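S.K.: This is the structure, below, for whatever I ask next.
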Amino acid sequence: MGGSSGGGLDRGGVDRSGSISGNRQPLQGSGSGSLRGDRGTAGTNLGDRNLGDRNLGDRNLGNRNLNQNFNRNVERNWNRTVNINNVNLHPGWARPGWGYARPWNYGWYGGWATPTWGWWGARAAVWGIGSLATAAIINEAVDNAINSQQTMIIVPNSNYQLLYGTVQPTGSNSVQFNVSVDGSTYQLTADCQSGLLNGVQPASSAEAELLNAACQVAFGNS
């Protein structure tokens, strides 16, 4: 009986040991793995929620919205394309000494360290710039273009090509001009006093540079 009881106990011990040992090993693997996985998943989910959704997601969404708004502004405001072959790129005043050859009043534009436009301070801070291209830089670009018989200048800090010969005042503070970008040429207007491009505030520092260049050619000291 003692042998039977001992045998039962031994078998039971082996069974229980085997069961416990067998269960324990998967439990460790399963529990440890599951715990690590859950923690990893929780960490990932937490990271996704905190960083992805709030910071990265919102920031990317903001960038997408900003780009979409910018593109819509361009499409809405830069909608008058012109055939460059039908444009007079060599008016009589666009020659050496062009500043004095302009047949309209000039000399009032610029002369400031930073633009006086009401929107400038806040927009410039967002764009991370302190000033626009100086009159000397723009005048030199026009002089060089005239001397090399080129019909355009590259607007500083942009990929816009200002067809300087098309610059014409439409009032004492406003100007009309043509600009080429990405293979297309557009006719735009600028209010040099208020700092508006096609009736709205520039959407980027590059547009502000374009506005500045056109106004300098039209009304600035040369």
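S.K.: How big is the accessible area of ARG123 in square angstrom, nearest 10, if you roll a 1.4 angstrom probe over the protein chains?
M.R.: Accessible area, nearest 10 Å²: 80 Å².
S.K.: ASN159 to GLN193: extension gain in nm, 0.36 nm per residue of separation minus the Cα-Cα distance?
M.R.: Stretched out fully, the ASN159 to GLN193 stretch lengthens by 9.8 nm.
S.K.: So, one more: What is the extension gain from ASN85 to GLN168, computed as 0.36 nm multiplied by their sequence separation minus the C-alpha to C-alpha distance, in nm to one decimal?
M.R.: Extra length available between ASN85 and GLN168 comes to 28.1 nm.
S.K.: Take the Cβ-Cβ distance between VAL181 and THR116 as r, set R0 to 30 Å, and report the resulting FRET efficiency rounded to the nearest 0.05.
M.R.: Efficiency for this residue pair is about 0.65.
S.K.: Related question: Step by step: find N for region 67-170, compute 2.2 N^0.38 Å, then divide the Cα radius of gyration by it. What's the final number?
M.R.: Relative to the rule-of-thumb radius for its length, region 67-170 sits at 1.24.
S.K.: Quick one: pull the percent of accessible area on region 112-163 belonging to carbon and sulfur, 1.4 Å probe, ligands and nucleic acids left out.
M.R.: Carbon and sulfur together cover 51 percent of it.
S.K.: 5 Å is the cut-off here: which amide hydrogens, built 1.01 Å from N in the peptide plane, fall below it relative to GLN201, excluding neighbours closer than 5 in sequence?
M.R.: The list, which skips near neighbours in sequence, is empty: none.
S.K.: Not counting ligands, DNA or RNA, and with a 1.4 Å probe, what is TRP117's accessible surface area in Å² rounded to the nearest 10?
M.R.: 10 Å²
S.K.: How do TYR164, TYR106, TYR100, TYR186 rank by accessible surface area computed with a 1.4 Å probe, from largest to smallest?
M.R.: Heavy-atom accessible area, descending, gives TYR100, TYR106, TYR186, TYR164.
S.K.: Please work out the average accessible area per residue across region 66-222, using the 1.4 Å probe convention, and give it in Å².
M.R.: 50 Å²
The values are calculated or read from the model by the stated rules, or taken from the named source; none is laboratory data. Only a predicted model underlies this, so the values are computations on that prediction, with no experimental measurement involved. Positions of Cβ are backbone-derived with ideal geometry, glycine not excepted, and every protein chain shown enters the neighbour counts. Heavy atoms of the whole protein, side chains included, go into the accessibility calculation; ligands, DNA and RNA do not. Shrake-Rupley method; radii C 1.70, N 1.55, O 1.52, S 1.80 Å.
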